[in-house]
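Notes to accompany the following structure.
The values are calculated or read from the model by the stated rules, or taken from the named source; none is laboratory data. The shown structure was predicted, so the numbers you read here are calculated from the model rather than taken from an experiment. For accessibility, only protein heavy atoms count, side chains too; no ligands or nucleic acids. Shrake-Rupley method; radii C 1.70, N 1.55, O 1.52, S 1.80 Å.
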Amino acid sequence: TGLMVQPFFETGYQIDTYCIRQEDIRTLQTAKAAVFAGIRILLEEAGVLPEEVEQVYLAGGFGYKLSTDAACQIGLIPSAWRDRTIAVGNTSLAGAYLYACGGDTEELVGNTRSINLAEKNHFNEYYLQAMNLREERDFL
């Protein structure tokens, strides 16, 4: 569930110079649940089955230091995607460079649409289902 037991609930758990606190675990849980729920909604919106996804790029904060195995172990991505996922780090600089160098952005923009996850009926349900830090064999 992500709940630390006593006495660590109050004081955190010290490992060398690092201290893991209850609020750190909760922050990880909420971020992980939002990502997993977002993936489910995006697949539904695109009409794509999870097994049809050929490649996953883990970018941003999660993609910088988190290994694919760890991402699967905590349930950030389904374990079925373990061999299809590449951690690529912070890709915003590369995207900005491509945009600035005159890439075919008109086609990209034309094929892009915005989806407000908070407005989707099942987002809260998926979010709550994904709160525990456990490996997800597939989508619930």
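Taking the C-alpha atoms only, the angle from helix 22-46 to the longest principal axis of the chain is near 30 degrees. Here is how the number arises for the chain: DSSP H runs of 4 or more residues each give -39500 (n - 2.57), the sum is divided by the residue count, and the result at 222 nm is -12500 deg cm²/dmol. Extension gain for Leu42-Ser67 works out to 6.7 nm (0.36 nm per residue, less the C-alpha to C-alpha distance).
Counted residue by residue at 0.36 nm each, then reduced by the alpha carbon distance between them, the extension gain from Leu3 to Leu49 reaches 13.3 nm. Build a GNM of the chain with springs between Cα atoms under 10 Å apart, and of Ala34, Ala46, Ala70 the one that fluctuates most is Ala46. Shown in residue order for region 114-121 are the 3J(HN,Hα) couplings computed by the Karplus curve 6.51 cos²θ - 1.76 cosθ + 1.60 at θ = phi - 60°: 8, 10, 8, 4, 5, 8, 7, 4 Hz (x for Gly and Pro).
Computed over the chain with a Gaussian network model linking Cα atoms closer than 10 Å, the most mobile of Arg21, Arg113, Arg84 is Arg113. Springs join every pair of Cα atoms under 10 Å in this Gaussian network model of the chain, and among Thr17, Thr68, Thr30 the largest mean-square fluctuation is at Thr17.
Using each residue's phi in region 67-79, evaluate 6.51 cos²θ - 1.76 cosθ + 1.60 at θ = phi - 60° and report the 3J(HN,Hα) Karplus result to the nearest Hz, with x for Gly and Pro. Running phi through 6.51 cos²θ - 1.76 cosθ + 1.60 with θ = phi - 60° gives 6, 4, 4, 5, 4, 6, 4, 8, x, 5, 10, x, 4 Hz. Heavy-atom accessible area for Leu117, with the other protein chains in place and a 1.4 Å probe, reaches approximately 50 Å².
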